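What follows is a short report on a single structure.
The values are calculated or read from the model by the stated rules, or taken from the named source; none is laboratory data. Computed from a predicted structure; not experimentally measured. Backbone-built Cβ (ideal geometry, glycine too); neighbour counts: all protein chains shown. For the accessible areas, the whole protein counts, side chains as well, though only heavy atoms, and no ligand, DNA or RNA atoms are used. Shrake-Rupley method; radii C 1.70, N 1.55, O 1.52, S 1.80 Å.
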Amino acid sequence: MKPDLFEAPDYYNLDDLLSEEHKLVREAAREWVKRDVSPIIEEAAQKAEFPKSIIGGLAEIGAFGPYIPEEYGGAGLDQISYGLIMQEIERGDSGVRSTASVQSSLVMYPIWKYGNDEQRQKYLPKLATGEWMGSFGLTEPDHGSNPGGMVTHYKDMGDHYLLNGAKLWISNSPFCDIAVVWAKNEEGRIHGLIVERGMEGFSTPETHNKWSLRASATGELIFQDVKVPKENLLPNKSGLGAPLGCLDSARYGIAWGAIGAAMDCYDTALRYAKERIQFGKPIAAFQLQQKKLAEMITEITKAQLLAFRLGQLKNENRATSAQISMAKRNNVEMAIKIAREARQILGGMGITGEYSIMRHMMNLESVITYEGTHDIHLLITGLDITGLNAFK
């Protein structure tokens, strides 16, 4: 196993803008990735297995609900800290970051924001420690970019709800203990329900044969006449805006996380280019390779500034959904382009598991699609700046 020699680029001295707490949080996550993720992640990806052994470590570095108040088991950190943790984890692997993002933004966030105090006390502390793992059920086989068209529904049976339907492309589903599921009531209004492992009629088959996010567990959520207790309904927000609010938090984390993947590809390519000798000198001495590397660090720096400013706005509760969409779309596109360019710098070695680049490239093909596709985010920006809806 090659040693993890990663050194994070900071071309514009962004560390000067971070607090000491930010730096401590980031360093804890960075060291954990180097120690516990890098040595095992290539084998996990090759085997298409999620390494469950890292769940405890994710909890220890505060990756599960870092911004959740301490009274509910969270770390009570700010949004920039959350972003930095996601950046460091995705530097290790996008699939591992997906696990943390789902737990934090798509499971803990809605329970914290839309649940009552009994629900918060029951679920959040165990989710924060990783004792319980969660998943988020919104996307359906026939309703991806149009989640409002969902057909999953529930009926009021008097003393419980009866839930029927199916969700697809669900991270963490094969091993989740609970799922926050979005379904329509008899009037067609979308609500969130907490479905627990063991409820009769609830199953979570795994999705196999993925070429992307191979170290992440993906599956389905299937509901066949599942009896959900009425106290499991999230009472404080309904309508499509409820799950979209969760997605805002997840997309924000992705905007930071993608920078981590890009940093790893850039750092790997830079080190390789300095060491690889062709025609009597390092390939880093050739103009075309310098062009690639110079463009990489430029794009990473722009993405860092975008994410940092967005984090400030999030801390002030001023970040809009459209601003978050812009950062997610830009930063993931930046990362996937850098992965492709970095792969070329490494030549044939770039396709092997000896280096992380090809794994990042394959992972980012999913990241550019999930939590809103690249095109959908472009239309969100278009709607925001023109006031004209191109979705309909």
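Got a number for residues in segment 342-392 being over 13 Å from V332 (Cα atoms) and not charged (D, E, K, R)?
Matching residues across segment 342-392 total 28.
Quickly run through segment 330-348 and pick out the residues that are under 16 Å from the mean Cα position of the chain (by Cα) and surrounded by 24 or more Cβ atoms within 10 Å (Cβ to Cβ).
Across segment 330-348, the qualifying residues are N331, V332, A335.
Answer yes or no as to whether I41 is in a helix (DSSP H, G or I), open to solvent by less than 10 Å² (accessible area, probe 1.4 Å) and farther than 23 Å from C246 by Cα.
Yes.
Do you know which residues across segment 5-30 are in a loop (DSSP other than H, G, I, E, B), open to solvent by less than 90 Å² (accessible area, probe 1.4 Å) and within 21 Å of A269 (Cβ to Cβ)?
F6, A8, P9, D10
Which one of the conditions (1) on the phi > 0 side of the Ramachandran plot; (2) in a helix (DSSP H, G or I) does G76 fail to meet, given that it meets all the rest?
Exception for G76: condition (2).
Among the listed residues Q103, Q121, identify the single one that is assigned to a helix (DSSP H, G or I), open to solvent by 10 Å² or more (accessible area, probe 1.4 Å), in contact (Cβ under 8 Å) with a residue 24 or more places away in the chain and of a type outside the set (S, T, Y).
Q121
Of the residues that make up segment 174-181, is at least one among the aliphatic types (A, V, I, L, M), surrounded by 21 or more Cβ atoms within 10 Å (Cβ to Cβ), touching a Pro at 6+ places or on another chain (Cβ under 8 Å) and under 19 Å from N116 (Cβ atoms)?
The answer is yes; a qualifying residue exists.
Among the numbered criteria (1) farther than 30 Å from L84 by Cα; (2) open to solvent by 50 Å² or more (accessible area, probe 1.4 Å), which one does R271 miss?
(1)
On the basis of being touching a residue at least 12 places away in the same chain (Cβ under 8 Å) and among the acidic types (D, E), does E196 make the cut?
In short, yes.
Looking at I89, is it touching a residue at least 40 places away in the same chain (Cβ under 8 Å), surrounded by 17 or more Cβ atoms within 10 Å (Cβ to Cβ), in a helix (DSSP H, G or I) and in contact with a Lys or Arg (Cβ under 9 Å, 6 or more places away or on another chain)?
Criteria met by I89.
State which residue is nearest to I380 (Cα to Cα) when the search covers only segment 294-329 and only residues that are surrounded by fewer than 19 Cβ atoms within 10 Å (Cβ to Cβ) and of a type in the set (G, A, S).
Per the criteria, the residue is A322.
Any idea which of M133, M150 is open to solvent by less than 40 Å² (accessible area, probe 1.4 Å) and touching a His at 6+ places or on another chain (Cβ under 9 Å)?
It is M150.
If E186 meets every condition in (1) touching a residue at least 24 places away in the same chain (Cβ under 8 Å); (2) under 21 Å from the mean Cα position of the chain (by Cα); (3) open to solvent by 30 Å² or more (accessible area, probe 1.4 Å) apart from one, which number is that one?
Condition not satisfied by E186: (2).
Which of the residues belonging to segment 175-218 are within 30 Å of E42 (Cα to Cα) and touching a Lys or Arg at 6+ places or on another chain (Cβ under 9 Å)?
F175, C176, D177, I178, A179, T204, R214, A215, S216, A217, T218, listed by residue number.
Among the residues of segment 275-282, is any part of a helix (DSSP H, G or I) and surrounded by 16 or more Cβ atoms within 10 Å (Cβ to Cβ)?
no
Step by step: first the residues of segment 137-146, then only those that are modelled with pLDDT under 95 and among the small types (G, A, S), then the one that is nearest to K52 (Cα to Cα). Which residue is that?
Ranking the qualifying residues of segment 137-146, first place goes to G144.
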